[in-house]
Structures are given as structure tokens and as C-alpha cells.
Amino acid sequence: MKLFKADFHIHTVLSPCGSLEMSPLGIIESAVKQGLDIIGITDHNTTHQCKEVVLVGEKKGITVLCGAEVTTREEVHCLTFFENFEKLEAFQKYLDEHLPNVPNDVDHFGHQVWVNEEEEILGQEDRLLISAIDQSIEEVERKVKSLDGLFIPAHVDKLRNSLYSQLGFMPFDLQPDAIGMSPNAKIDKELEKHPELNKLQLIRSSDAHQPDLIGSHYTVLELEKASFEEVKMALHKLNGRNVKRLV
Ligand SMILES: [Zn+2]
Ligand SMILES: [Zn+2]
């Protein structure tokens, strides 16, 4: 077993708030510089940029988990990850069906484009990606689980767009694979405030929207190798895999 550094929450140029430097190459170069082994690509309500980051990551030894940061109907942000491109595509279809038809305000948010390694534009999303989709947190969880994905409420300590800020409590039937903490979270205080978190696996990530923040916060996992399956086992403490430390 070896230790791996994972930053699970990274936005790309495709997110309305993501810097133009967050191209596949820009992200992977920063991840290498920061000594990360695993990164999660989590744009708002879209998975379109994931594949190109995977391709660049493969060349530079970075394992890329593909997913999205979904905004549920209640405006709760949840990280989601999928094992392969087939399942990712099925989830993209679900997002396409449930993202409201509100056009992107290009003057305000810029173009929502995804690009390849050479930073050539491959596609554009015309609907505003930071809208909430029309699905509840339970419905999103159900969809993710039906695709064997990972479901992780994001930055639950934050006062906006978090499970506790929007719902006020942890729904009793929710079964997240892990719980996301923001860079600024005082974890001891959060555990005190929300005792149910003691039974759940916590992770911490950067939520980077610009390259210099990638890897500013991360989670150390004990795995056999860097892969989706191994990460899933670690989040559930299976077969000796484990989460060692939140940085
Ligand atoms: Zn968020
Ligand atoms: Zn985010």
C-alpha cells in the first residue's frame, strides 16, 4: 500500500467562474508541480471537459477522476464521480435533461467552452451552467448510485450552497460516499456541530478555479494504486484502503 495525494474538487475553463488558464494542460501542469497523484474534475453541472484532462493526465502520470459539481434543486452543491466514459456520458445526458433552459450571459460569465490539449475549442454550452438543475438532492444521489458513481456533498461547512446552509440538516436516508470540507473548514468544530459527520468519511479539496490554487488543500489516501475503484474502497475503508489525512 502507498500514500496518494488527491485534490477532488477542481474547476476548468468550462465553469463560468473558472479561469481561462484552467485548460487540460494548465491543470495537469499545476497538479504535477504540486505533487498530486489524483485530481477530480468537477465543473458546475457539466462533464464535457473531463475526457481531455484524462488524456493529458495519462501522459504526465496524473490520475483524473471524471465527474461534475451538481447544483441540486435546493441549491446544494454535490460532487459526483464516475468510473468510465460510458457512465460519465449517461450522467451528462441526465444533466442535459435537467439543466433549465436559461441562456448563459456571455458578457458576465464569458463563454462556457471546453478545449483540447492544444487549447482548441471543442464545444460550447449555451445554457447557464450555474443554474440549479430541477432534481432534488435525493434524486441526484439516486441517479449517481444507479451508475455506480461517487456522491459527495461539497463544502458542507460553507454558508452558501451547502447541505447544511440549504437544508439545515442531513437527510436521514442520504448515504453519501464521503463529505466534502472546504479549504477554510474548522473540522473539529464541524464535527461538534454536526455529530452525524463522525460516522461519515470526510475529504478536503481546493475547489480551485485558478491554477495556483490546485493542491492548496487535498486528501491523503492509502491505496494499492491510483484509480476510481481504489478511491471508492478507501472512502468506505474496504480491503485495507483508507483515508489517512486531510490537508
Ligand atoms: Zn461549490
Ligand atoms: Zn466548486
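The values are calculated or read from the model by the stated rules, or taken from the named source; none is laboratory data. None of these values were measured; they are calculated from a predicted model. Positions of Cβ are generated from backbone atoms using ideal geometry, with glycine treated the same way; all protein chains shown enter the neighbour counts. Only protein heavy atoms, including side chains, enter the accessible area calculation; ligands, DNA and RNA are left aside. Shrake-Rupley method; radii C 1.70, N 1.55, O 1.52, S 1.80 Å.
Answer with one residue from 61, 109, 240: the one whose Cα lies farthest towards the positive end of the charge dipole of the chain, charges on Cβ with Lys, Arg +1 and Asp, Glu -1.
Towards the positive end, the residue furthest out is 240.
Pick from 213, 174, 163 the residue whose mean-square fluctuation is largest in a GNM of the chain, springs joining Cα atoms under 10 Å.
174
Leaving ligands, DNA and RNA out of it, report the carbon-plus-sulfur percent of the accessible area of the chain at a 1.4 Å probe.
48 percent
For residue 148, what is the net charge nearby, where nearby means another residue's Cβ is under 9 Å from its Cβ and Lys, Arg count +1, Asp, Glu -1?
Local net charge: +2.
Could you give the dipole magnitude of region 118-228 about its Cα centre, charging the beta-carbon of Lys and Arg +1 and that of Asp and Glu -1, in debye to the nearest 20?
500 debye
Given the options 82, 228, 109, state which has the largest fluctuation in a GNM of the chain using a 10 Å cut-off (strictly under) for Cα springs.
In this elastic network of the chain, the residue with the biggest mean-square fluctuation among 82, 228, 109 is 109.
Fully extended, how many nm does the chain gain between residue 96 and residue 196 (0.36 nm per residue separation, minus their Cα-Cα distance)?
Gain in length upon complete extension: 32.7 nm.
Restricting attention to the chain, give the cysteines that have no other cysteine Cβ less than 4.7 angstrom from their Cβ.
Lacking a cysteine Cβ partner under 4.7 Å: 17, 78.
For region 1-131, what value does the Rg/Rh ratio take when both radii are computed over Cα atoms and Rh is the Kirkwood radius, given to two decimals?
My calculation puts Rg/Rh at 0.96.
With only Lys, Arg, Asp and Glu charged, each at its Cβ (+1 for the first two, -1 for the last two), find how big the charge dipole of the chain is about the Cα centre; round to the nearest 20 debye.
1080 debye
Percent relative contact order of the chain, based on C-alpha pairs within less than 8 angstrom and at least six residues apart?
24 percent
Top mean-square fluctuation among 116, 101, 198, Gaussian network model of the chain, C-alpha springs under 10 Å?
Top of the fluctuation ranking is 198.
Cross-link list 51/237; 199/237; 2/51: which exceed 21 angstrom alpha carbon to alpha carbon?
Flagged as over cut-off: 51/237; 2/51.
Sticking with the crude label model, points 7 Å out along Cα→Cβ, report the distance from residue 160 to residue 107 in nm, one decimal please.
Label-label distance for residue 160 and residue 107, simple model: 2.2 nm.
How much length would be gained if the chain were fully extended between residue 138 and residue 229, taking 0.36 nm per residue of separation minus their Cα-Cα distance, in nm to one decimal?
This chain segment gains 30.4 nm when fully extended.
Give the Debye-formula value of log10 I(q)/I(0) at each listed q (0.12, 0.15 Å⁻¹), with one equal scatterer per alpha carbon of region 123-236, two decimals each.
The Debye formula, applied to the Cα set alone, gives -0.50, -0.80.
Grab every C-alpha pair in region 56-124, bin the distances at 5 angstrom width from 0 up to the longest one, and report whole percents.
P(r) for region 56-124, in whole percents per bin: 3, 12, 14, 24, 24, 14, 6, 2.
When the chain is fully extended, how far beyond the present Cα-Cα distance does residue 118 get from residue 2, taking 0.36 nm per residue of separation?
Additional length available on full extension: 38.4 nm.
Nearest-5 percent of antiparallel DSSP beta bridges in region 112-247?
Antiparallel bridges: around 70 percent, rounded to the nearest 5.
In Å², and per residue, what accessible area does the chain have when probed at 1.4 Å with the other protein chains present?
45 Å²
Let me know the whole percent of all Cα-Cα pairs from region 2-243 that are separated by more than 26 Å.
32 percent
I'd like the distance separating the alpha-carbon centroids of region 132-152 and region 192-245, in whole Å.
The distance from the Cα centre of region 132-152 to that of region 192-245 comes to 19 Å.
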